[in-house]
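Note sheet for the following structure.
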Amino acid sequence: MGIFDKLRTKADVNLTPKAALALAAMTVIGADGSIEDDEISSLTRIVRGDENAFNSALTVYKDLSVTDSVQLVSKVLGEKQRIACIAILLDLAMADGVLVGAEQKLMDAYITAFQLSEQDISSIVDIIALKNDFSVFERSAGQAAGAFCQSCGTKLGAGMQFCSGCGTRV
């Protein structure tokens, strides 16, 4: 306990699971030091218009440290809720396609607090990484690395317009 902790007011920490999810989202979104308008929109979608959940989470977010918030969220959520929460948090944290720095440390803290294994979250990470990889839409199916010609089955190299095996346009 720090010397000034006695001066802080303590928020009502009786959160609903939805408010706990909103609190967790706030900590992830705020990990970079600011919360942008589009991130507020994401929070609104997460609570599905439940102003009480949003306001409860915001009150706690302003009052508790991130470490205390992680522990509180962990206590409020059940097992399935924790897995769903991690999926949502990873999606928020990886919206730019990468998970680094403060966001990665915070996600590690949630994974530890939720007592989830790497196996529990690896498929979630894979799906979210794929979901956020828009480069897959910047090339045709025939140009995708590792693709095969539909006519003859020859492996196609990246950027090929014609199959080297049969000459078919890909």
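The values are calculated or read from the model by the stated rules, or taken from the named source; none is laboratory data. All values reported here derive from a predicted model rather than from experimental measurement. Every residue, glycine as well, gets a Cβ built from its backbone with ideal geometry; the counts of neighbours run over all protein chains shown. Calculation scope for accessible area: heavy atoms of the full protein, side chains included, ligands and nucleic acids excluded. Shrake-Rupley method; radii C 1.70, N 1.55, O 1.52, S 1.80 Å.
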Checklist entry - Conditions: (1) among the small types (G, A, S); (2) open to solvent by 60 Å² or more (accessible area, probe 1.4 Å); (3) farther than 22 Å from S34 by Cα. A95 meets all but one. Number of the miss? => result (3)
Next on the checklist: Can you report the number of residues in segment 55-83 which are open to solvent by 70 Å² or more (accessible area, probe 1.4 Å) and of a type in the set (D, E)?
Outcome noted: 2
Next on the checklist: Would you confirm, using the coordinates I've provided, whether I40 is without any contact (Cβ under 8 Å) to a residue 12 or more places away in the chain and either aliphatic (A, V, I, L, M) or touching a Lys or Arg at 6+ places or on another chain (Cβ under 6 Å) (or both)?
Outcome noted: yes
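For segment 23-54, give me each residue that is among the polar types (S, T, N, Q) and loosely packed, with under 13 Cβ neighbours inside 10 Å.
We begin by selecting, within segment 23-54, every residue among the polar types (S, T, N, Q); these are 27, 34, 41-42, 44, 52.
Those that are among the polar types (S, T, N, Q) and loosely packed, with under 13 Cβ neighbours inside 10 Å: S34, S41, N52.
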Next on the checklist: Please list, ordered by residue number, the helices (runs of 4 or more DSSP H) wholly in segment 36-146 having 3 or more residues that are under 13 Å from the mean Cα position of the chain (by Cα) and not β-branched (V, I, T).
Outcome noted: 37-47, 79-93, 101-113, 118-131
Checklist outcome for this item: If you go through Q119, Q115, the only one that is under 30 Å from S41 (Cα atoms), loosely packed, with under 15 Cβ neighbours inside 10 Å and either modelled with pLDDT of 80 or more or among the hydroxyl-bearing types (S, T, Y) (or both) is Q115
